[in-house]
Amino acid sequence: MIKSILIINNHGAPRLLRIYSPLPPTVTPTDLVRTVFLACASRPDSFCNYLQIPGLESSLGWGPINLVYRHYATLYFVFCVDQTESTLGILDLIQVLVESLDRTFSNVCELDLIFHSDKVMYVLDEIVSGGMVLETNIGSVLEGVREQGKLSKGSLRMGEGGDEYRR
Amino acid sequence: REIHHAKMATQARGLQNFISDLRNSKSKEDESKRVAKELANIRGKFTSSSSLSSYQKKKYVWKLVYIFMLGYDVDFGHAEVVSLVGSAKYSEKQVGYVAMSLLLKAGDSMMNLIVNSIRNDLVSSHNDAHTSLALTSIANVSGIELMRALHVEVQRVLVSPNATPAVRKKAALCLLRLVRQLPDSIASAEFAPHIATLLQDRHLGVLTSTMSLLIGLASKHPAEYMGMIPYVVHILQALALKKQAPPDYMYYRTPSPWLQIKLLKFLQYFPEVMMSGETYVPTLKQCLARILNDTDVSDSINKSNADHGVLFEAISCIIVFGPSGDADLQTAALRLLGKFIGVKEPNIRYLGLNAMARLAGLHNEANKEEIKAQQNVVVHSLKDADISVRRRALNLLFEMTDHTNAESIVDELITYLVAADAGIREQMVLKIAVLSEKFTKNVRWYVDTILKLISISGDHVSNDVWHRVIVIVTNNPQEQEYVAETMFEVCSSKNCHPKAVAVGSYVLGEFGLLIAERPGMSGEAQMQVLEQHWPLVDGQTKGIMMTAFAKMANLYEEVRPAVTAFLTKFTGHVDVDLQQRSNEYLSLSSLGPDVVEDILREMPPFDTQKVSTLELALEEEHSDTHDKNVYKKGGQQQEEENGGEDEGGREPPRGPPPRGPPPQEEVPNLLGDFESTEEEITVGVPAAQPVVGIPDQAAADRSFGKMVASPQGVLFQDAHVQVGLKHEYRGSQGRIQMFVGNMSQTPFKNFTIVLPLPGYLRTDVKDELGATKGPVHLEVGKQARVMIMAEAIAPFSDPPAFTINFDTDASTHSYDLKLPLAPTSFSEPVQVDKAGFMGRWQQLADKEAKEIVTISRPVDPSFMETLRAAMAGMKFAQCAAVDGPATCSGCGTYKTGAKDAAGNPISVGCLVRMEGNGDKFRITARTLHPTVSAGVLKAFKAVVQSV
């Protein structure tokens, strides 16, 4: 199972935070982001994409956790997964997420994630649901997101008039 | 670029501005201030009386979501989220559901308010988009109350023939989440056909989700889903052999690697599948062979990831099938792994090391030599710059060690330990200690190894490690002289590590005599060598050292004055332990020499039957999460995992670690304290004649367990005495009759029954002979009868204890026994149906007492029959509807005579579940009161162990 998904930039600022297995009260989301970032950022890109942080495992109480991460330009995409997930499969899943985002924003960059966190969330929800892989076909993912966009706009027009939104 | 983005934005301008503000903040403090200001603003808007427009509501909730994602705490706005979810407009619903899945946590009170809106979206809206939103957020929130309220609806959506693939795949994952939280909510037998239908879906997205669900289900009840194997193999054949997949699902020219991985994962729950002789076996073999042979290293990193992902899963499959699988496949897998652990690409090397460690962990003779041949390659990875790779390499080395290569691997590890960084040292020390102990008969080498460990990395050597050294040296008399000599030399150095001093103190105290005749190693010299470290060692070591000195004083005349002087310094020491020791050792001389001799005698050998604490420590690292992990070491542990598979539940599979000297020792050896200095140390003057206690505690415990469940019988019996018992209860009241008979050939003198009845019972004791009041005489063949009328008035967990004492001509007897009373004794059976049981079971989830017990024989139908009969004897009604062949559940009410404020008697509802597996039994008791839970658990534990 995917326990948590984090997107963190090169300076440690979180750009997306999704937690599928509840955190214990002793660990705040900020702690998680900081620990994960420090562990990933200290590794050169030539190292493997897997990582374990024994201290984090014991404080989270999630059991043995593999961090599977990929570093793209300014962003770290980090998936915290348990031992039942194929680590290479997760690595591919990160690629699917990134390609989906890339097509959604036509050449995605960090600013897109900042100013369109809603859309990023919708894309992610089409790929991962409740910590499990939902869809890996980029076409279907984008289709789902587009459908939602249409519905959302449609309901706006039916509703109070779209002029409140600066489009 | 930023302006461009603002123009493109779909989000409200207020939010854009807020985000820009945050980006412009100069420091973390600035950002926090801005966030705090915004939170105050939003809180004000939400609490003000003027109603918010739809647009405002969405804007503020998105701001909260954004703030949450930055890692700040957001603890309000739930009501607004609820109202957005309930809206008829899609745009509002969408925001509401996303916010809900992020901001609301399981257990939030708002969850109940939201349930109806969600149910509506699930079933009656007939709007796929709404249904999808609802499913996604249920899966993401995972609140137990949501699950309980909605699982029926989710199942219905999943199996509905009208559902679109998009809805169906979401429903499957939603249901998976449910299965994890309420494992018994799906009846496997009824649900399996639905899964079969889903597996024939043509949509690969639906198949992927269904496989996730199926793996979740099969991990709990593999046997129920055996029938799915042909479908799974069929899909695998289409993907792996025929390479059939819609172009959309080709990921870098590989047909949906995720689905292939899931199919292979599922098959690993059925390690015996290859032997089954079913028609799909040849196809499966073909698939595995194709995956193994066709994968080549590709230049595209993504293509290579995808292919290797499938390949490694196939290798896992072959590993799990083990010897029952195909020998050619195994050889091929092993060859591939051998190649992978030598490649440069770090990911592949990492996974290769990992997979090979699993293979080695199976301890399969056929592969052993080939794996061992890789030792040098693995050692090379141990020096890799990447700690992830190093950890895998260490793990593999650990698994591939056996008697033949232990010394060379351990020596290699020790060489590397000198240069190893802190991140891996602790793990290495533990593993080196375990290996050196487990695989060598050479005690000298073992002790030298541990001493090296202490000198290189003493701070990482846990107490468990050096305690094992003591145990092993004590149990190997032929090496004691060598070890004493070695320790003397080690401790002679001023810079010796405190842990080595601890070992040295113990060893010289026990075995120093063996070297005392050697030049320069006299008792005096030994004491000096140790004493020089006194200021630098911790309290525990000081205690051991003091004990060593006391033993030396007893052995060597010439050190006695020095020891007395030394001990006198501590008679008023601030450390209570040292103070007590010094005072007691000083007063020893006033006792007779025989007594001193007895007390200061060397320690008896340790019980070696028990499992090394170190291995237990290692095993704690191998714990599990949700789905059963099929790679548990050795494979044979798979079965017992079934017993403890609840969320995050891990139970140490074996009994408590060995502690201190063996229990059968009659005279308390007061120096047997090296493992625990907290224990009270008293100088006991041995009684004039030996005290005879219960000869076989285990048998006594069994009789006790039998008596808990039966109205009359023998509670205890030996050659001298028999204790019979008859007890009956009605509601909160009971009558217990006890008969103590003199079965020996001599009369009992000073016969007493010490019966301190506890406060949770209101009692009236009738005793014809008066043995409960003072010493009496009991003739040969006569009985003392005691009748106890008891009423339960409070929760309790421990049964009342009592003691029977008497003297015969030759010996003094004292038996500590327990009355077979438990909360179950005062219980009345309650018949419930399945839904009633499950409902109550969930309600009481937070008041549970649970234990895994090992039983003497395997669980079989006759065992279960006896257990069920015993449960009826304990006046619990069995709830057969929730039971499988190896489980037994029951329900009862613990009645007390206490009254509540309204004057009604208080009673406590009790549920119990016992689940057998192999020779393990998991007993879970849930009642309204934690003490009663513990009591019910103890009672059933005693019963289970007595069957």
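The values are calculated or read from the model by the stated rules, or taken from the named source; none is laboratory data. Remember, predicted model here, so these are calculated numbers, not experimental data. Positions of Cβ are backbone-derived with ideal geometry, glycine not excepted, and every protein chain shown enters the neighbour counts. Keep in mind that these areas ignore ligands, DNA and RNA; they rest on the heavy atoms of the full protein, side chains included. Shrake-Rupley method; radii C 1.70, N 1.55, O 1.52, S 1.80 Å.
Taking the longest Cα principal axis of chain B as reference, the axis of helix B:539-555 is set at about 30 degrees. With the cut-off at under 12 Å, measuring from each backbone N in the stretch A:18-50 to a point 7 Å along the Cα-to-Cβ line of B:Ala385 picks out A:43-48.
I'd like the mean, over residues of B:166-177, of how many other protein chain beta carbons sit within 10 Å of each residue's own Cβ. Don't skip to the answer; put the middle values down first.
Details: counts 7, 0, 0, 5, 7, 1, 3, 7, 3, 1, 5, 6.
For this peptide, the per-residue mean of nearby foreign Cβ atoms is 4.
In whole Å, how far is the Cα centre of the stretch B:77-132 from that of the stretch B:183-249? Each part reduced to its Cα centre gives a spacing of 30 Å.
Ordering B:Pro477, B:Cys891, B:Phe439 by Cα displacement along the dipole of chain B toward the positive end leaves B:Cys891 in first place; charges were set at the Cβ atoms of Lys, Arg (+1) and Asp, Glu (-1). For the stretch B:313-371, GluC sites (Glu not before Pro) are listed when DSSP marks them as loop and at most 16 other Cβ atoms sit within 10 Å of their Cβ; the list is empty. Note the angle between two axes, namely the Cα long axis of helix B:498-511 and the longest principal axis of the Cα atoms of chain B, as a number of degrees from 0 to 90, rounded to the nearest 10. Value to nearest ten degrees: 30.
In a reduced charge model with +1 at each Lys and Arg Cβ and -1 at each Asp and Glu Cβ, the stretch A:1-146 shows a dipole moment near 280 debye about its Cα centre. Under the convention that each Lys and Arg Cβ holds +1 and each Asp and Glu Cβ holds -1, the size of the dipole of the protein assembly as shown around its Cα centre is about 4480 debye. The B:Val765 and B:Ile144 beta-carbon pair, evaluated with R₀ = 51 Å, returns a calculated FRET efficiency of approximately 0.60. When the C-alpha to C-alpha distance is required to be over 32 Å, the pairs from B:Lys58/B:Lys847; B:Lys749/B:Lys875; B:Lys105/B:Lys262; B:Lys262/B:Lys438; B:Lys169/B:Lys920; B:Lys372/B:Lys850 that qualify are B:Lys58/B:Lys847; B:Lys749/B:Lys875; B:Lys262/B:Lys438; B:Lys169/B:Lys920; B:Lys372/B:Lys850.
The simple Förster model, with R0 at 51 Å and r as the Cβ-Cβ distance, assigns B:Arg202 and B:Ala36 a FRET efficiency of 0.45. Could you tell me how many degrees, from 0 to 90 and to the nearest 10, lie between the Cα long axis of helix A:138-158 and the main elongation axis, the longest principal axis, of the Cα atoms of chain A? Around 40 degrees separate the two axes. Once backbone amide H atoms are built at 1.01 Å from N, B:Arg518 has no partners under 5 Å, excluding neighbours fewer than 5 places away on the same chain. In this structure, the amide hydrogen of B:His363, modeled 1.01 Å from its nitrogen in the peptide plane, lies closer than 5 angstrom to no residue at least 5 positions away or on a different chain. Work from the charge dipole of the protein assembly as shown (Cβ charges, +1 for Lys and Arg, -1 for Asp and Glu, about the Cα centre) and give the residue of B:Leu241, A:Val120, B:Ile291 farthest towards its positive end. Of the options given, the answer is A:Val120.
Between amide H atoms placed 1.01 Å from N, distances below 5 Å from B:Ser744 occur with B:Gly781, all of them 5 or more places distant or on a separate chain. Placing +1 on each Lys and Arg Cβ and -1 on each Asp and Glu Cβ, with no other charges, gives the stretch B:450-560 a dipole about its Cα centre of roughly 260 debye. Round to the nearest 0.05 the FRET efficiency obtained for B:Ala881 and B:Asp128 when R0 = 51 Å and r is the Cβ-Cβ distance. Efficiency, from the Cβ-Cβ distance: 0.90.
Per residue, how much accessible area does the stretch B:151-212 show when a 1.4 Å probe rolls over the protein heavy atoms, in square angstrom?
35 Å²
In the stretch B:268-388, taking the dipole from charged Cβ atoms about the Cα centre, the farthest positive-side position among B:Asn302, B:Ile319, B:Leu351 is held by B:Leu351. Separation of the stretch A:43-106 and the stretch B:425-460, taken as the distance between their Cα centroids, equals 35 angstrom. What does the C-alpha gyration tensor say about the overall shape of the stretch B:770-929? Classify as rounded when a/c is under 1.5, otherwise prolate if a/b is larger than b/c, or oblate. In terms of gyration-tensor shape, oblate. For the set A:Lys3/B:Lys26; B:Lys285/B:Lys383; B:Lys170/B:Lys265, the pairs lying more than 29 angstrom apart at their alpha carbons are A:Lys3/B:Lys26; B:Lys285/B:Lys383.
Over all orientations, chain B has a Cα convex hull whose mean projected area works out to 50.5 square nanometres.
Between the DSSP loop rule and a limit of at most 13 other Cβ atoms within 10 Å, which trypsin sites (Lys or Arg not before Pro) in the stretch B:235-285 are left?
Working: sites: B:Lys242, B:Lys243, B:Arg253, B:Lys262, B:Lys265, B:Lys285; in loops: B:Lys242, B:Lys243, B:Arg253.
Listed in order of number, the matching sites are B:Lys242, B:Lys243, B:Arg253.
Among the trypsin sites (Lys or Arg not before Pro) in the stretch B:762-832, those placed in a DSSP loop whose Cβ has at most 15 other Cβ atoms within 10 Å are B:Lys773, B:Lys782.
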